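> Just dropping this structure here.
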Amino acid sequence: PGRSAPAPVAVSLDRSQRMKTMTGPNCLAARVSRGTCGVIELNGELDLASTPVFESAVRDLDLPTMRHAVLDLRRLAFIDAIGLKAVVDLYAECLRATTALTIIPGPRHVQRLFELTRLDRVLPFSHP
């Protein structure tokens, strides 16, 4: 028994606003906006099954061409350790590309994982 192929990702593009929405089968939608600042808005669950959708959104930003990127977690319902690693990987990629990153915190239950791992002290979260 081999591993199953990754589930397909549905993509819709709004050319007038330069936005792209990607959805996977496992309850994650990633909306990407490009311009002077790249934005990834997550809605749903960021976990082992949905991380490929997030990684695709990160690749779509083309970080080396961006001065600033924003990761919006306000609509994230769930994150596990693999999702947390994906956020840390985004931060590392931004550092390599010399792209400033701002993370908009998620709901309390999502932020709790960042606090337990003390990544809330390392990652560039915006503060109200």
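The values are calculated or read from the model by the stated rules, or taken from the named source; none is laboratory data. Everything numeric here is computed off the predicted structure, so don't read it as measured data. Every residue, glycine as well, gets a Cβ built from its backbone with ideal geometry; the counts of neighbours run over all protein chains shown. The accessibility values were calculated without ligands, DNA or RNA, using every heavy atom of the protein model including side chains. Shrake-Rupley method; radii C 1.70, N 1.55, O 1.52, S 1.80 Å.
> Quick check: anything in the range 83-98 among the small types (Gly, Ala, Ser), part of a loop (DSSP other than H, G, I, E, B) and touching a strand residue (DSSP E or B) at 6+ places or on another chain (Cβ under 8 Å)?
no
> Moving on to the next point. Could you figure out which of (1) in a helix (DSSP H, G or I); (2) out of contact with any Ser or Thr (no Cβ under 8 Å at 6 or more places or on another chain); (3) small (Gly, Ala, Ser); (4) buried (at least 20 other Cβ atoms within 10 Å of the Cβ) isn't true of Ser56?
(4)
> Looking only at the range 75-103, count every residue that is open to solvent by less than 40 Å² (accessible area, probe 1.4 Å), in contact (Cβ under 8 Å) with a residue 24 or more places away in the chain and aliphatic (A, V, I, L, M) and tell me the total.
9
> On the basis of being hydrophobic (A, V, I, L, M, F, W, C) and either over 25 Å from His127 (Cβ atoms) or modelled with pLDDT of 95 or more (or both), does Leu95 make the cut? Working first, answer last.
Details: hydrophobic (A, V, I, L, M, F, W, C): yes; either over 25 Å from His127 (Cβ atoms) or modelled with pLDDT of 95 or more (or both): yes.
Here the answer is yes, as Leu95 does meet what is asked.
> Could you say whether any residue in the range 49-62 is aliphatic (A, V, I, L, M) and over 13 Å from the mean Cα position of the chain (by Cα)?
yes
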